[in-house]
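Peer 1: Dropping a structure here in structure tokens format, bear with me for questions.
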Amino acid sequence: MVGSCIGVFSTCKSGTALQWAPGRPTFISRGHIIGRNAPVVQVLSRTGSNCTEDFGIRIRNRRYSTAVSGSGGGRRMRTIVNAAATETLQKGIAEFYDESSGIWENIWGDHMHHGFYEPDSSVSLSDHRSAQIRMIEKALRFASVSDDPMQKPRQIVDVGCGIGGSSRYLARKYEARSQGITLSPVQAQRAKALAAAQGLDDKVSFQVADALNQPFQDGQFDLVWSMESGEHMPDKSKFVSELARVAAPGGTIIIVTWCHRNLLPSEESLRPEEKELLNKICDAFYLPAWCSTADYVKLLESLSLQDIKAADWSESVAPFWPAVIKSALTWNGITSLLRSGWKTIRGALAMPLMMEGYKKGLIKFAIITCRKPVS
């Protein structure tokens, strides 16, 4: 709602007190809004005294707040998300992929994610598709997912499954049962059709569902797979908690996602020009606030997950966005874009911004993996 106030702040000598609910103040050093269409209030926790002034922060269109708090110099990310804003965001995500999935499949096939490129690999369309398979294999190897018949995953969930490329690949590779969830009804239907055409409808299934409220039992999956869906999650803490909840004891969680760079020890936020660039990308791709790889690691640590590992694969995906832009400029790409709708066109126009973010070291292509304790 335009002009909605989400909190009352009191200016302090060494910080600012934020009253989210009666009797529950949080002390912050400052608050700032990120994003034009999906604003966020980010809060850094510090103790303060001698409060002298009250003021409110007003949010346009949607309301999200990401708070980073801690004591003794540590930081912890938590998120306060307005339900109506989340619903609006998820509706935009669904419509974006309803529109764009067909053109993506037509040009790039059924894997809707970056490819992993070897240093001297070619950049033909065939290699781009091979690089997408390579990305899957590299992620599995990084997470030490076993191929041993006695240890390989039997139950897999693909969170943010697109048109089911990873689900089908993993089901074949491990002779496993794979379930995919997406916000897009068009993607879910296409994933089902492809599974049936490939003789896998008894191994894979797909449904429209919310990754922040997954329709699965606790401890159901040996492998929890999230390939480039985390960037769409308005509540990163809830997202990670759900991944951990549905993972079986001893199960593996793999998150491959877009992040912003880690902050330096002397920094409390990204620079204004960096925020401005990310805002433009958020508007085009229906993204809420970004977080860093370090933020994800801390969230996993807060859940007592084990064997946490993270890596920056930005250099290995560098050829991807130039290739996507090149494919969009072909006759097939241009005509497909014009047929697809404004949301897809706007996303295509933002692709150079992704290249700019990578080149400046602002955007990082991250993999974060861990295991759920056996007991």
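Peer 1: Give the stretch 237-248 a look and list any residue that's open to solvent by 10 Å² or more (accessible area, probe 1.4 Å) and either within 13 Å of the chain's Cα centre (by Cα) or at pLDDT below 95 (or both), or say none.
Peer 2: The answer is Ser237, Lys238.
Peer 1: Filter the stretch 183-225 down to residues that are within 22 Å of Gly102 (Cα to Cα), of a type in the set (A, V, I, L, M, F, W, C) and part of a strand (DSSP E or B), then give me how many there are.
Peer 2: Residues meeting the conditions: 3.
Peer 1: For the stretch 172-208, which residues satisfy the criterion of being more than 19 Å from Ile254 (Cβ to Cβ), open to solvent by less than 30 Å² (accessible area, probe 1.4 Å) and under 19 Å from the mean Cα position of the chain (by Cα)?
Peer 2: Ser184, Gln187, Ala188
Peer 1: Answer yes or no as to whether Ala248 is in a loop (DSSP other than H, G, I, E, B) and either among the polar types (S, T, N, Q) or closer than 22 Å to Ser178 by Cα (or both).
Peer 2: In short, no.
Peer 1: Another question, then. Which of the numbered conditions does Ser237 fail, given that it passes all the others? Conditions: (1) over 22 Å from Thr88 (Cβ atoms); (2) of a type outside the set (A, V, I, L, M); (3) not in a loop (DSSP other than H, G, I, E, B).
Peer 2: That leaves (1) as the condition not met.
Peer 1: I've got another one for you. Scan (1) under 29 Å from Val240 (Cβ atoms); (2) part of a loop (DSSP other than H, G, I, E, B); (3) over 19 Å from the mean Cα position of the chain (by Cα); (4) not charged (D, E, K, R) for the single condition Tyr169 breaks and write down its number.
Peer 2: (2)
Every residue, every condition in (1) in a loop (DSSP other than H, G, I, E, B); (2) of a type in the set (Lys, Arg); (3) touching a helix residue (DSSP H, G or I) at 6+ places or on another chain (Cβ under 9 Å); (4) open to solvent by 60 Å² or more (accessible area, probe 1.4 Å), yes or no:
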position	(1), (2), (3), (4)
Leu278	no, no, yes, no
Asp283	no, no, yes, no
Leu287	yes, no, yes, no
Glu301	no, no, no, yes
Ser336	no, no, yes, no
Gly347	no, no, yes, no
Pro352	no, no, yes, yes
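Peer 1: Could I ask something else about it? So is Glu274 open to solvent by less than 20 Å² (accessible area, probe 1.4 Å), over 28 Å from Ile133 (Cα atoms), in contact with a strand residue (DSSP E or B) (Cβ under 8 Å, 6 or more places away or on another chain) and part of a helix (DSSP H, G or I) or not?
Peer 2: yes
Peer 1: Pick from the stretch 354-375 the residues that are buried (at least 19 other Cβ atoms within 10 Å of the Cβ) and aliphatic (A, V, I, L, M): which of them is nearest to Ser304 (Cα to Cα)?
Peer 2: Only one residue tops the list, namely Ile368.
The values are calculated or read from the model by the stated rules, or taken from the named source; none is laboratory data. All of these numbers come straight from a predicted model, not from anything done at the bench. Positions of Cβ are backbone-derived with ideal geometry, glycine not excepted, and every protein chain shown enters the neighbour counts. Calculation scope for accessible area: heavy atoms of the full protein, side chains included, ligands and nucleic acids excluded. Shrake-Rupley method; radii C 1.70, N 1.55, O 1.52, S 1.80 Å.
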